[in-house]
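A.B. asks: Would you mind keeping the following structure in view while I ask a few things?
Readers should treat all values here as calculations from the given coordinates under stated rules, not as data from a laboratory. As the structure is a computational prediction, the values presented were derived from the model and not from experiment. Glycine also receives a Cβ, built like all others from the backbone with ideal geometry; neighbour counts cover every protein chain displayed.
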Amino acid sequence: MNIKLYELREDEKPALAEVMARVGAGDAQMASDARMAVGVRVAGDVPVGAGAASRVDDAAKPGAAPQASDAPKRGAAPQACAAPSDITIDTVPDELGLENVASAQGFDAVVISGRSAMTAEVLDRLAELGVKYLATRTVGVDHIDVAHAHELGLRVCNTGYPPEGVAEFAAMLMLIVLRRYKPTLWRQQVNDYSLGGLEGRELGRLTVGIVGTGRIGQQVARILGGFGSKVLGYDPYPSDAARAAGIEYVPLEELYRRSDVVTLHVPLTEENRGMIDAEAINQMRDGVVLVNVSRGELIDVAAVTSAIEFEKIGALAMDVFADEVGIYHESRVNDIIRNRDMAYLRQFPNVVLTPHMAFYTDTNVNSMVEQGVRGVIAMAEGPGSWASEV
């Protein structure tokens, strides 16, 4: 099997070498391992907001997080990794697009990441070139025209990763804004060590509302339980696992009304796009803390900005932002950033913006690389070999 892997980053190379070493050593458990490591359907977060009607998995729903990356350089020479078990991988740092799709000729499968836009036109060319399998090293698949891929007979899979990294990051953001670390850090840069205006709140004394109680939401609840927080949850599909994690299910309006902190853990759908709008914010407590590590488009930026200006929202922490592609995960130190909403929100002392890095841990990077490679191998075993195909 010949695999072309695009967008390979330096931090992914050790993981790729490790998985290829196992494949190359003739791992007798390769097929079953692929199903175990890749094929277990990742029970995920579900869409919420108006019109949400069907269960959605983290691993199968549009709304992919762009993956962390150094800006890939065009024209870099491919690096080949060969294994004696008839699996060969050619890797390049470039993303896959219409301008270089011919480079996939002769390959059975391509593995991409979030920067490669798989439009109908690109997919048509891949099919013409004989590519049969497509894997993305991301959770979401909004950069792939999945319906058109199916029409062409292309089999598509995505990846998942353990929930702990994102959940821990969400809890960290809560603590950062509750303890007013951003203005504290600013002051220290000019040797101002005064305490006025920096009084914080204790997370264990607050009620936290988790919107979306999939794997990540459940892990957030477990972490909050260690602090002693009261945890509410909303999900169109309540689960016993979430209840066991300490979540009390309530209607969304009640969650907004009772929560000191509201944290979002849902994939992006057309139904919940902009769900945190003026109407939702008006139902929340004065001084509410809002945390978003899911998708920037869940937020109505204009409504949230106004609520911060008038102090309805006490603090905002976001690891994601609408129109972040081309900004986050790149060095733009000498550039003019054309995202006025991002620039304006960043200047508030009670707003913390991080560059879409909640997922970015060694565990998750290794998981995404391995699942990307093993996913196409598992799909090649035959129809139905991998339950998590999208």
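A.B. asks: Please report, in debye to the nearest 20, how large the charge dipole of segment 88-178 is about its Cα centre when each Lys and Arg carries +1 at its beta carbon and each Asp and Glu carries -1 there.
C.D. replies: Details: 5 positive and 13 negative charges, 40 e Å.
Computed about the Cα centre, the dipole is about 200 debye.
A.B. asks: Right, another one. Considering only DSSP states other than H, G, I, E and B, which chymotrypsin sites (Phe, Trp or Tyr not before Pro) in segment 250-353 qualify as loop sites with at most 12 other Cβ atoms within 10 Å? Don't skip to the end; give the middle numbers.
C.D. replies: Values: sites: Tyr256, Phe310, Phe321, Tyr328, Tyr344; in loops: Phe310, Phe321, Tyr328.
Taking segment 250-353 and a limit of 12 other Cβ atoms within 10 Å, the loop chymotrypsin sites (Phe, Trp or Tyr not before Pro) found are Phe310.
A.B. asks: Let me ask something else about it. Only sites in a loop by DSSP and with at most 13 other Cβ atoms within 10 Å count here; which GluC sites (Glu not before Pro) in segment 157-224 make the cut?
C.D. replies: On the way: sites: Glu164, Glu168, Glu199, Glu202; in loops: Glu199, Glu202.
Qualifying residues, ordered by number: Glu199, Glu202.
A.B. asks: Can you give me the long-range amide H partners of Gly233? Hydrogens built in the peptide plane at 1.01 Å from N, cutoff under 5 Å, separation of 5 or more residues or another chain.
C.D. replies: Those qualifying (amide H under 5 Å, at least 5 residues apart or on another chain) are Ile210, Glu248, Tyr249, Val250.
A.B. asks: Once every Cα of segment 145-249 carries one equal point scatterer and solvent is ignored, give the base-10 log of I(q)/I(0) from the Debye formula at q = 0.17, 0.21, 0.22, 0.23 Å⁻¹, two decimals.
C.D. replies: -0.83, -1.02, -1.07, -1.12
A.B. asks: Here's something else I'd like to know. Computed on alpha carbon atoms, what radius of gyration and Dmax characterise segment 302-378, expressed in Å?
C.D. replies: Gyration radius and largest Cα-Cα distance of segment 302-378: 16.8, 54 Å.
A.B. asks: Applying 1/(1 + (r/R0)^6) with R0 = 51 Å to the Cβ-Cβ distance of Asn282 and Asp86, what FRET efficiency is obtained, to the nearest 0.05?
C.D. replies: Values: r = 61 Å, r/R0 = 1.19.
In this case the efficiency is close to 0.25.
A.B. asks: If the chain between Phe310 and Asn100 were fully stretched, how many nm would it gain, using 0.36 nm times the residue separation less the Cα-Cα distance?
C.D. replies: Working: separation 210, 0.36 × 210 = 75.60 nm, distance 4.93 nm.
My answer for the length gained is 70.7 nm.
A.B. asks: In addition: Sort out for me the Cα centre separation of segment 139-158 from segment 319-355, rounded to whole Å.
C.D. replies: The distance from the Cα centre of segment 139-158 to that of segment 319-355 comes to 29 Å.
A.B. asks: Figure the gain on full extension for Glu164 and Arg338 (residue separation times 0.36 nm, minus the Cα-Cα span) and round it to one decimal in nm.
C.D. replies: On the way: separation 174, 0.36 × 174 = 62.64 nm, distance 3.30 nm.
Between Glu164 and Arg338, full extension yields 59.3 nm more.
A.B. asks: Which part of segment 202-216 falls in the paramagnetic zone of Arg179, meaning amide N under 17 Å from the point 7 Å along Cα-to-beta-carbon?
C.D. replies: 202-206
A.B. asks: Residue by residue through segment 101-118, which ³J(HN,Hα) values in whole Hz follow from phi under the Karplus form 6.51 cos²θ - 1.76 cosθ + 1.60 (θ = phi - 60°), with glycine and proline marked x?
C.D. replies: My calculation for segment 101-118 gives 5, 4, 5, 8, 4, x, 10, 6, 9, 10, 10, 10, 10, x, 7, 7, 7, 8 Hz in order.
A.B. asks: Filter the chymotrypsin sites (Phe, Trp or Tyr not before Pro) in segment 132-223 to those in DSSP coil with at most 14 other Cβ atoms within 10 Å of their Cβ, and list the result.
C.D. replies: Here the chymotrypsin sites (Phe, Trp or Tyr not before Pro) that fit, given the DSSP loop and packing criteria, are Tyr193.
A.B. asks: So how compact is segment 236-323: Cα radius of gyration and Dmax in angstrom?
C.D. replies: 13.1, 40
A.B. asks: Per-residue HN-Hα couplings for segment 250-266, Karplus 6.51 cos²θ - 1.76 cosθ + 1.60 at θ = phi - 60°, whole Hz, x for Gly and Pro?
C.D. replies: 9, x, 4, 4, 5, 4, 4, 5, 9, 8, 7, 10, 10, 10, 9, 9, 10
A.B. asks: Specify whether the C-alpha gyration tensor of segment 233-390 places it in the rounded, prolate or oblate class, a ≥ b ≥ c being the square roots of the eigenvalues: rounded for a/c under 1.5, otherwise prolate if a/b is larger than b/c and oblate if not.
C.D. replies: Details: a/c = 2.37, a/b = 1.28, b/c = 1.85.
Since a/c reaches 1.5 but b/c is at least a/b, the shape of segment 233-390 is classed as oblate.
A.B. asks: Still on this structure, I have one more. Report, by chain and number, residues whose modeled amide H sits under 5 Å from the one on Met118, excluding near sequence neighbours (fewer than 5 apart, same chain).
C.D. replies: Residues meeting the amide H criterion: Ile144, Asp145.
A.B. asks: May I pose another question? Each residue of segment 318-323 in turn: what ³J(HN,Hα) in whole Hz from Karplus with 6.51, -1.76, 1.60 and θ = phi - 60°, glycine and Pro shown as x?
C.D. replies: For segment 318-323, the Karplus-derived couplings read 9, 9, 9, 7, 4, 6 Hz, x marking Gly and Pro.
A.B. asks: To one decimal place, what orientation-averaged projected area in nm² is obtained for the convex hull of the Cα set of segment 91-151? Numbers along the way, then the final one.
C.D. replies: Working: hull surface 15.1 nm².
Mean orientational projected area (segment 91-151, Cα hull): 3.8 nm².
A.B. asks: Would you pull out the residues with amide H under 5 Å of Gly274's amide H, same chain only if 5 or more places away, H placed 1.01 Å from N?
C.D. replies: Sorted by chain and number, the residues that satisfy this are Leu298, Ile299.
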